[in-house]
Amino acid sequence: MNESEAIDRLQSAGLFARPRDWSLGHSIFVGRGAFERNGISGYQHARYIYQAEDVWHVIDCVNADDIFPTLDAAVEHAAAALMREKLD
């Protein structure tokens, strides 16, 4: 699976997904539960998928930093974790 296929897979699960370059370096942002309040847009729940050395990380920017051997496994984990999250 490449980045484009990963984003397609996440979007087909009903999630927002796009590539992002920031402090983690190149990553895939995945969000669920879009909102806008007072002109600020965001997502109730989010994960970032990024590669470091030979493994893939899925982080929630709060508590978890899960590590996977392949992008496929990271994508499946991120999608499943976000689908379990309750929305307001």
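Tabulated data
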| quantity | calculated |
| --- | --- |
| Selected residue [crowded, with 16+ Cβ neighbours inside 10 Å and out of contact with any Cys (no Cβ under 8 Å at 6 or more places or on another chain)] from Ala78, Ala52 | Ala78 |
| Extreme residue, farthest from Glu53 (Cα to Cα), among residues of region 20-34 that are in contact (Cβ under 8 Å) with a residue 12 or more places away in the chain and not aliphatic (A, V, I, L, M) | Gly33 |
| Region 8-19 - residue that is closer than 19 Å to Cys61 by Cβ and without any contact (Cβ under 8 Å) to a residue 40 or more places away in the chain and, of those, surrounded by the most Cβ atoms within 10 Å (Cβ to Cβ) | Ala17 |
| Region 21-37, subset over 15 Å from Trp56 (Cβ atoms) and exposed (fewer than 13 other Cβ atoms within 10 Å of the Cβ), residue modelled with the lowest pLDDT | Ser23 |
| Selection count, region 51-83, where residues are closer than 22 Å to Ala34 by Cβ and assigned to a strand (DSSP E or B) | 2 |
| Residue within region 41-51 that is more than 18 Å from Leu87 (Cα to Cα) and among the β-branched types (Val, Ile, Thr) present | yes |
| Long-range neighbours under 6 Å by Cβ, at least six apart or interchain, first residue in contact (Cβ under 8 Å) with a residue 40 or more places away in the chain and within 16 Å of Gly25 (Cβ to Cβ) within region 57-71, second not in a loop (DSSP other than H, G, I, E, B) and not β-branched (Val, Ile, Thr) | Leu71/Ala6; Leu71/Trp56 |
| Complete set of residues in region 15-42 that are more than 18 Å from His77 (Cα to Cα) and assigned to a strand (DSSP E or B) | Arg20, Asp21, Trp22, Gly25, His26, Ala34, Phe35, Glu36, Arg37, Ile40, Ser41, Gly42 |
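The values are calculated or read from the model by the stated rules, or taken from the named source; none is laboratory data. Treat the numbers as computed from the prediction; the structure is a model and nothing was measured. Counting neighbours? That spans all protein chains shown, and the Cβs are built from the backbone with ideal geometry, glycine included.
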